[in-house]
Amino acid sequence: MRRFLATFLIGLGLGTLAGVLAGWGFPIQDTRTGLDQLHPDYKAEYVVMVGTAYAASEDWDQAQAWLGELAEPDPAGYVVALAERFIAEGRNPDDIRSLVRLASRFGYVSQPMQPYLPPAGQP
């Protein structure tokens, strides 16, 4: 039993030492990327999340800041196009409502968006 314990502890020590040396020799590189480099599908999901957050908080400045991180030259046009695409594809109505709310805040509401607008008097 002592022999097993000694072998186990030596192996554990050598493994730890090897891990530490490997960590120093081959450090992890930071590979952060900006939101502007996201895949278009993930970009669309991000905009839906911004729309959902805006619907909950009504903080337009924060929503614009989040949309600005996408580095789209025309954020309003992007949101409108995305909302119309989601409508045409028959996507989740809650997602469409979030996008339409953003588009309407930008001042753009097209005919296909009309049914997804909140009732009058509701934010």
Q.
Condition first: charged (D, E, K, R), at negative phi and not assigned by TED's automatic domain parsing to the domain that holds Arg105. Can you find one or more residues in region 56-72 that meet it?
A. no
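The rows are residues; the columns are (1) among the basic types (Lys, Arg); (2) loosely packed, with under 10 Cβ neighbours inside 10 Å; (3) more than 21 Å from Phe86 (Cβ to Cβ).
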{"position": "Leu21", "(1), (2), (3)": "no, no, yes"}
{"position": "Trp24", "(1), (2), (3)": "no, yes, yes"}
{"position": "Gln29", "(1), (2), (3)": "no, yes, yes"}
{"position": "Leu38", "(1), (2), (3)": "no, no, no"}
{"position": "Asp41", "(1), (2), (3)": "no, yes, no"}
{"position": "Ala44", "(1), (2), (3)": "no, no, no"}
{"position": "Ala53", "(1), (2), (3)": "no, no, no"}
{"position": "Ala63", "(1), (2), (3)": "no, no, no"}
{"position": "Leu67", "(1), (2), (3)": "no, no, no"}
Q: Name the single residue, out of those in region 1-37 being of a type in the set (A, V, I, L, M, F, W, C) and not in a helix (DSSP H, G or I), that is farthest from Pro73 (Cα to Cα).
A: Met1
Q) Can you pull out the residues in region 1-49 that are without any contact (Cβ under 8 Å) to a residue 24 or more places away in the chain, within 30 Å of Ala63 (Cα to Cα) and of a type in the set (D, E, K, R)? A) Asp30, Arg32, Asp41, Glu45
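Does any residue of region 65-74 turn out to be closer than 21 Å to Gln111 by Cβ, at pLDDT below 95 and out of contact with any Asp or Glu (no Cβ under 6 Å at 6 or more places or on another chain)? Let's see the steps before the verdict.
Start the filter on region 65-74 by keeping residues that are closer than 21 Å to Gln111 by Cβ, which leaves 74.
Okay, now just the ones that are also at pLDDT below 95, so 74.
When the remaining residues are screened for being out of contact with any Asp or Glu (no Cβ under 6 Å at 6 or more places or on another chain), the result is 74.
Yes, some residue in region 65-74 is closer than 21 Å to Gln111 by Cβ, at pLDDT below 95 and out of contact with any Asp or Glu (no Cβ under 6 Å at 6 or more places or on another chain).
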Q | Residue under evaluation Glu84, criteria (1) in contact with a helix residue (DSSP H, G or I) (Cβ under 9 Å, 6 or more places away or on another chain); (2) surrounded by fewer than 11 Cβ atoms within 10 Å (Cβ to Cβ); (3) among the acidic types (Asp, Glu), criterion not met | A | (2)
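The values are calculated or read from the model by the stated rules, or taken from the named source; none is laboratory data. What you are looking at is a predicted structure, and each value in this text was computed from that prediction instead of being measured. As a convention, Cβ positions derive from the backbone with ideal geometry for all residues, glycine included, and neighbour counts pool all protein chains shown.
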